[in-house]
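Reading through the structure tokens given below for one structure.
Throughout, read-outs are computed from the coordinates displayed, never taken from laboratory work. Predicted model only: the values in this text are computed from it and were never measured. For neighbour counting, all protein chains shown are included, and Cβ atoms are generated from backbone atoms with ideal geometry for every residue, glycine included.
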Amino acid sequence: MATIHKLRFPLMLFAALGSGLIAGVFFAFSTFVMSALARLQPAQGIAAFQSINITVYNPWFMGAFLGTAAACIFLTASSLFKWHQPGAAYLLVGSLLYLVGAVGVTTAFNVPLNDALAIVKPNSAEGATLWAKFLTDWTFWNHVRTVAALLAAALFTLSLCGRAAQL
């Protein structure tokens, strides 16, 4: 039990930093990357996004994205077991926001859209039609992920502030 207690603070800090970092990545896509891709001819935009979808699978991004999710799973359970402690509600809601709003939305919406785009031929009429819908749909769900991850980071930060005031 003492080991779990010792892990709680570093995981809270990691979750705050990780969700903030991921929110920043999502924010970049929402505010300028998708707009820049939309300015390209459909074949070029599709090819560029297909390349992004390949390169996103790297240890740095996946470590931050999935590592933060793992921390959130731990913090969800921890907050339920330590509900009486200050900041437990922030930890629970922040963790659930990240797990549902960032990871869940990615899995349920963004990845299927990515998969559909991955198999289309960039120069085809089907590709151009899919690209127009993709830009709107993918960006909408990315906005949701951005807000969820940013709110999670804020709630983790509030939890850390409450913990610091307690010391």
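Descriptive notes on the structure:
- Relative contact order, percent, the chain [alpha-carbon distance under 8 Å, six or more residues apart]: 40 percent
- Given (i) 18.4, 62; (ii) 14.7, 43; (iii) 15.4, 44, the label whose value is Rg and Dmax of the Cα atoms in Å derived from this model: (i)
- Helices of the chain meeting both criteria, an alpha-carbon length of 15 angstrom or more along the long axis and an average Kyte-Doolittle score not below -1.0, with helices taken as full DSSP H segments, are 2-28, 42-55, 59-81, 125-166.
- Sorting 105-111, 115-121 by average packing, meaning the other beta carbons within 10 Å per residue, from highest down gives 105-111, 115-121.
- Cα gyration tensor category, rounded, prolate or oblate, for the stretch 20-93 with a/c compared to 1.5: prolate
- Highest to lowest packing among 140-146, 11-17, scored as the average C-beta count within 10 Å: 11-17, 140-146
- Part-to-part distance (alpha-carbon centres) for the stretch 103-167 and the stretch 1-80, which is given in Å: 9 Å
- Computed from point charges on the beta carbon alone (+1 for Lys and Arg, -1 for Asp and Glu), the dipole magnitude for the stretch 2-166 about its Cα centre is near 400 Debye.
- Relative contact order (%) - the stretch 74-167, alpha-carbon pairs under 8 angstrom, separation at least six: 43 percent
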